[in-house]
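J.: One structure coming up, written as structure tokens, with questions to follow.
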């Protein structure tokens, strides 16, 4: 991220948020872009995007609640809760209309913002990369792990200290990397967002949308990007030369050129 742009703390609905807000020099009224990171990440994880776009666009990035240096979520949040937090932050900063760049979970939150009748008029355009939210094609082994996890929750709730120890062993065997890495206070949120299917929202998106994908993404495979291209009205898909789920950083120069060209058309 730009070294001359330190982060600040903004309080929204009682939650302290780490925020980065930059404006390019010498450009009157540049398009405003909100950059939303993915699960388990922070402003720092999207630093290559911020650095690559900062000379052309006004940028706002934040550590979403529960991540980085922002406060923990007060309850089990879903994508819509995060979307409302983003809107309230924009209101507090005096930003009426904006574009979005979202990676992974940040992309799912962006889709909520661009599809909800209460907020979609505020979204000018949107770049999504490695977007989550489409239910994956699961092998049978996945459903076996889900069953084990549910058993673990029951055992932990009724089995006293021995049950808690058994629950931890079950979690170690059945839990995903995100689940095991998440603090206890955030696991309800992870459970909530993983259960959400954003696919019904895709036809409701009312903003020009560009999907930029890594061909080797194994977290959100390319077929998910292709599905979104088909179902989001007028969406386009750019597949980078290489890169996985973090292709925006692995192919930063290519990603930023494509994203900047698309985003600087805002309002045109």
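J.: For the modelled label position 7 Å from the Cα of residue 8 along Cα-to-Cβ, which residues of segment 69-110 have backbone nitrogen atoms closer than 12 Å?
T.: Only 92-94 pass the distance filter.
J.: Sticking with this one: Within 10 Å, count the other beta carbons around each residue, average over each peptide in 36-49, 86-99, 105-118, 214-227, and list them highest first. Don't skip to the answer; put the middle values down first.
T.: Details: 36-49: 21.6, 86-99: 16.6, 105-118: 24.4, 214-227: 18.1.
Answer by packing, highest mean first, reads 105-118, 36-49, 214-227, 86-99.
J.: Separate question: For segment 37-68 and segment 242-267, what is the separation of their Cα centres, given in Å?
T.: 13
J.: Between residue 241 and residue 253, 0.36 nm times their residue separation minus their Cα-Cα distance comes to what? If you can, show how the numbers build up before the last one.
T.: Working: separation 12, 0.36 × 12 = 4.32 nm, distance 1.15 nm.
Once the chain is fully extended between residue 241 and residue 253, it gains 3.2 nm.
J.: By how many nm would the segment from residue 216 to residue 135 grow when fully extended, if each residue of separation counts as 0.36 nm and the alpha-carbon distance is taken off?
T.: Details: separation 81, 0.36 × 81 = 29.16 nm, distance 1.85 nm.
Contour length minus the Cα-Cα distance gives 27.3 nm.
J.: Given labels modelled 7 Å from the Cα in the Cβ direction, how far is it in nm from residue 55 to residue 230?
T.: Between residue 55 and residue 230, the simple spin-label model gives 4.0 nm.
J.: OK, next. How much length, in nm to one decimal, is gained on full extension between residue 44 and residue 28, taken as 0.36 nm per residue of separation minus their Cα-Cα distance?
T.: On the way: separation 16, 0.36 × 16 = 5.76 nm, distance 2.70 nm.
The residue 44-residue 28 span can extend by a further 3.1 nm.
J.: Kindly state, to the nearest 0.05, the FRET efficiency for residue 96 paired with residue 265, given R0 = 22 Å and r defined as their beta-carbon distance. Each step should come with its number before you reach the end.
T.: On the way: r = 18 Å, r/R0 = 0.84.
FRET efficiency, residue 96 to residue 265: 0.75.
Where a number appears in this text, it was derived from the coordinates with a stated rule and is not lab data. What you see is a predicted model; the values in this text were computed from it and never measured. Here Cβ is always computed from backbone atoms with ideal geometry, including for glycine, and neighbour counts include all displayed protein chains.
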